[in-house]
Structure formats: C-alpha cells, structure tokens
Amino acid sequence: MMTRPAYTPGGSDDPSIHAVAAKAIELIPDGARVGLGSGRAASVFIECLGVRRREGLRVSGVPTSRAAADQARRAGIPLVELGTGGLLDLTIDGADEVAPNLDLVKGWGGELVRERIVAAASVSQLILVGEEKVVRALGERGRLPVEVIPLAEWLATRELEALGLGPARRMNAGGSGPFITENRNLILDCALPQPLQDGKAARELERAMLAIAGVVDTGLFLGTADRVLVGHPDGRVDMLSRPRTPEMGRQ
C-alpha cells in the first residue's frame, strides 16, 4: 500500500516549496527592489523575505496581486510603486508548468496579466516550483488560461474553439458566478488537444491567441524566466538556467 505524504504537494506545507523559498532568499542582494509574485510558492517566499528584513536586509517590493500586497504588509516589507527607481532587480514568482527551455504556463491563480507586467519591468525573473511542475512539454498538466474582456467572451470562445482549443469560463470558488480577475476580466481555461510540441509551437499558439479581439493575455510565459529553482521533498534544490537559443523571448 502506498503511503500518502504528510504534506500537500505544491502547498504551503510542502518541504520542497520551503527549500526553494530559502534558496531564493540567498539570491536577494541588500537594497533590492523585488517583484512579489502570487500563489503558494511566492507566498512562502514573502514570509521568508519578511523574516530576513526583520534581521536587517534592506528590501522593498512590488506585488502582483492584492493578496501578495496584503501579505507583504503583514510581513513588514515596504511596498513601492512600479517604476520607482527604474527596473526592479528581480521578480520572484511561481509557475504551473516549466518546460525544459524554461518556457512557462502561469495563471492558474488568475493573476497572469499583473504577473507579466511586473516580470517585464524586472531585470530578471526567478521562478520557484516543486518537482511536479516540471514537464516535458507545456500542456501536460492541464489547462491554459486566457484572460478576456467580458464583452469579448462569445467571440473569444468562438475563435479559441477554431484554434482547436476547448475554452471554458472559469467560475469563482463557490461556483455561483464567473471568476473575475483584479482587472475586472474573465478567464477562459483552454484545454489543449495535446501538449505543445516545442517552443516554436508555443509561440505560434501564443501569436494566434493574442490576435483574437478582446484577448488581454495568455498563460504562456515564453522566454521570461532566467532561472528556475526546483525543489524536492528531501530539501534538495536544483537551479535551472534558461538556454541561450534563437527562440528565446516573445517573437
């Protein structure tokens, strides 16, 4: 009989998440301005960063969500407006999938647009994940989120279906209505017919989705991550660095 772990994989009690958060803290220079991501891994990192600040580390943050902002305030991390002092030194965030070339799927928590803006305003993006998030190809673990202006829902659904995707409106936690992003938009969770073959296929799909009127952004974060820390249940942490290939970046 298989023994179930005494923690929730990917949850705030997962030792792999605490391991990557602790490693990420070591990479924060004194005086850094840091983008604070959303989700479980980022939440654990924010708590650790608050501890280090109380120990004397000078740091300020730009949150990617109201939840991240509230947590940072409770942890005693000063918050600044995006653009204060120029580019952020780095953004620390999580991901829902990490491909071998460090392309990502993000947005299962619903904050993809703000996460992209903060990452784009940073010198580098460091991603924290447990080993279960590392995939051979994007789309292996499930849905691909697409943020859509409410007026465009019918049209976007029609066009996403024409691309061979299975879009479904994301509902709120209670199931009583649609999930509404902090930008007052909807999320359509798209089912891929099969995982994306490679980085080229991911970029072709991204271009096609962004060309749909009313689509604000997608959960494909291609070429944004410079490094990924991968945690393991035994506390080991692997650091992956983005390969330097012609397909890097949003083309």
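The values are calculated or read from the model by the stated rules, or taken from the named source; none is laboratory data. Bear in mind that the values here come from a model prediction, so they are computed numbers and not experimental data. All Cβ positions, even for glycine, are placed from backbone atoms using ideal geometry, and neighbour counts span all protein chains on display.
Residue count for segment 110-144 under the criterion of being acidic (Asp, Glu) and surrounded by fewer than 23 Cβ atoms within 10 Å (Cβ to Cβ): the result is 3. Filtering Leu186, Leu229 for residues that are crowded, with 17+ Cβ neighbours inside 10 Å, touching a Lys or Arg at 6+ places or on another chain (Cβ under 9 Å) and not assigned by TED's automatic domain parsing to the domain that holds Ala22 leaves a single hit, Leu186.
When you scan segment 38-49, do you find a residue that is surrounded by fewer than 24 Cβ atoms within 10 Å (Cβ to Cβ), under 17 Å from Thr224 (Cβ atoms) and touching a residue at least 24 places away in the same chain (Cβ under 8 Å), even just one? No, segment 38-49 contains no residue that is surrounded by fewer than 24 Cβ atoms within 10 Å (Cβ to Cβ), under 17 Å from Thr224 (Cβ atoms) and touching a residue at least 24 places away in the same chain (Cβ under 8 Å). The set of residues from segment 185-216 being of a type outside the set (A, V, I, L, M, F, W, C) and more than 19 Å from the chain's Cα centre (by Cα) comprises Pro193, Gln194, Gln197, Asp198, Lys200, Glu204, Arg207, Gly214.
Every residue, every condition in (1) aliphatic (A, V, I, L, M); (2) closer than 28 Å to Pro100 by Cα; (3) surrounded by fewer than 18 Cβ atoms within 10 Å (Cβ to Cβ), yes or no:
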{"position": "Leu151", "(1), (2), (3)": "yes, no, yes"}
{"position": "Ala156", "(1), (2), (3)": "yes, no, no"}
{"position": "Leu160", "(1), (2), (3)": "yes, yes, no"}
{"position": "Gly174", "(1), (2), (3)": "no, no, yes"}
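Give me the residue from segment 52-79 that is over 21 Å from Gly109 (Cα atoms) and free of Cβ contacts under 8 Å to residues at least 24 places away in the same chain and, out of that set, surrounded by the most Cβ atoms within 10 Å (Cβ to Cβ). Per the criteria, the residue is Leu79.
If you go through segment 214-244 and keep only what is within 20 Å of Lys200 (Cβ to Cβ) and at pLDDT below 95, you end up with Arg242, Pro243, Arg244. Considering every residue within segment 191-213, establish whether at least one is out of contact with any Leu (no Cβ under 6 Å at 6 or more places or on another chain), surrounded by 15 or more Cβ atoms within 10 Å (Cβ to Cβ), at pLDDT 95 or above and assigned to a strand (DSSP E or B). No: zero hits.
Which residues, taken from segment 129-179, are among the small types (Gly, Ala, Ser) and in a helix (DSSP H, G or I)? Ala152, Ala156, Ala162, listed by residue number. Here Ala119 meets the list (1) in a loop (DSSP other than H, G, I, E, B); (2) within 13 Å of the chain's Cα centre (by Cα); (3) under 11 Å from Phe221 (Cβ atoms) almost entirely, failing just condition (1).
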